[in-house]
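Here the structure is laid out as structure tokens; the discussion comes afterwards.
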Amino acid sequence: MNTIKIDKYTFAEFISADKIAQRISELGEQITTDYKDKTPIVIGVLNGSVIFFSDLIREIKCDVEIDFLRISSYEKAMESSGVIKVHKDLNSEIEGRHIIIVEDIVDSGLSVRFLKAKLEKSNPASLKVASLLLKPTEAQIDFPIDYTGFEIPPAFVIGYGLDYNQKFRNLKSIYSLVLDENGKEES
Ligand code: IMP
């Protein structure tokens, strides 16, 4: 098993770089079909989505514009604070435009709920969400994630944009926490 040790935690490779690339190509194809006569604004949610975002937009074969938002909810390394702060807002006018929000992961669903509600206030023509990962057992949302890369169990994951204490975003694969700080297996 391909594992890495960080502090006292052990992470194991969970989704390989090849599998991620394959799935993103499928998502790109789907988005290309859905938006073929439109020019959507694809909005990356910084920092976590940056790698997924840059790979995904290059798999979309119709015109797109891009913009970014930066929000944060995680104060501790592996726990959400439950409070969302906007650190960078959009530069584009989104009224009447087709919008695709690009997230790294939908975990509790708090961030995506916040973002949807915030952007809907500006009356976009349509608003869809793409997320590389979705933890369906955790997500408290009453709308679908329109483009989901992978549904995963509720373990903490890092790599491919996802961080632990702001680090490990540059790992090419996604790794999942398998042993906690006491060497106990994560359920
Ligand atoms: P939420 O709980 O759905 O609001 O997730 C908000 C944000 O927390 C995500 O966009 C990620 O940046 C971060 N996050 C949630 N779960 C994980 C995880 O397992 N690993 C790393 N970051 C995570």
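Coordinate-derived values only; no laboratory data. Bear in mind the structure is a predicted one, so any value in this text is a computation, not a measurement. Here the Cβ is made from the backbone with ideal geometry for all residues, glycine too, and neighbour counts use every protein chain on show.
Among the trypsin sites (Lys or Arg not before Pro) in the stretch 81-123, those located in a DSSP loop and surrounded by at most 10 other Cβ atoms within 10 Å of their own Cβ are 121.
Computed from the Cβ-Cβ distance with R0 of 45 Å, the FRET efficiency linking residue 78 to residue 126 stands at 0.85.
Exposure proxy shown here: for 10, 39, the number of other Cβ atoms within 10 Å sets the order, fewest to most, as 39, 10.
For a distance above 30 Å, tell me the whole-number percent of Cα pairs in the chain that qualify.
Working: 3061 of 17391 pairs.
The answer is 18 percent, as a whole percent.
Sort 14, 156 by Cβ crowding within 10 Å, fewest neighbours at the top. Mind showing how you got there, number by number?
Values: 14 21, 156 18.
Lowest count first: 156, 14.
Each Lys or Arg adds one and each Asp or Glu subtracts one; over the other residues with Cβ under 15 Å from the Cβ of residue 59, this totals -1.
Note down the net charge around residue 94, summing +1 for each Lys or Arg and -1 for each Asp or Glu among other residues with Cβ under 12 Å from its Cβ.
Values: positive: 97, 118, 121; negative: 65, 67, 89, 93, 95, 120.
Charge balance in the 12 Å sphere: -3.
For the pair the stretch 16-92 and the stretch 111-187, the centres of their Cα atoms are 11 angstrom apart. Taking amide hydrogens as placed 1.01 Å from N in the peptide plane, the amide H of residue 149 sits under 5 Å from those of 131, 132, 133, each at least 5 positions away in sequence or on another chain. Database remark: amide H of residue 109 closer than 5 angstrom to the amide H of 140 (H placed geometrically; neighbours at sequence offset of 5 or more, or on other chains; Pro and chain starts carry no H).
Going from the fewest other Cβ atoms within 10 Å to the most, the residues 180, 7, 163 appear in the order 7, 180, 163.
With a sphere of radius 15 Å drawn around the Cβ of residue 179, what net charge do the other residues whose Cβ falls strictly inside it have (Lys, Arg +1; Asp, Glu -1)? Display every interim value, and only then the final one.
Numbers: positive: 5, 8, 184; negative: 7, 13, 180, 181, 185, 186.
Summing Lys/Arg as +1 and Asp/Glu as -1 gives -3.
Counting only DSSP beta bridges with both residues in the stretch 3-174, the antiparallel share comes to about 35 percent.
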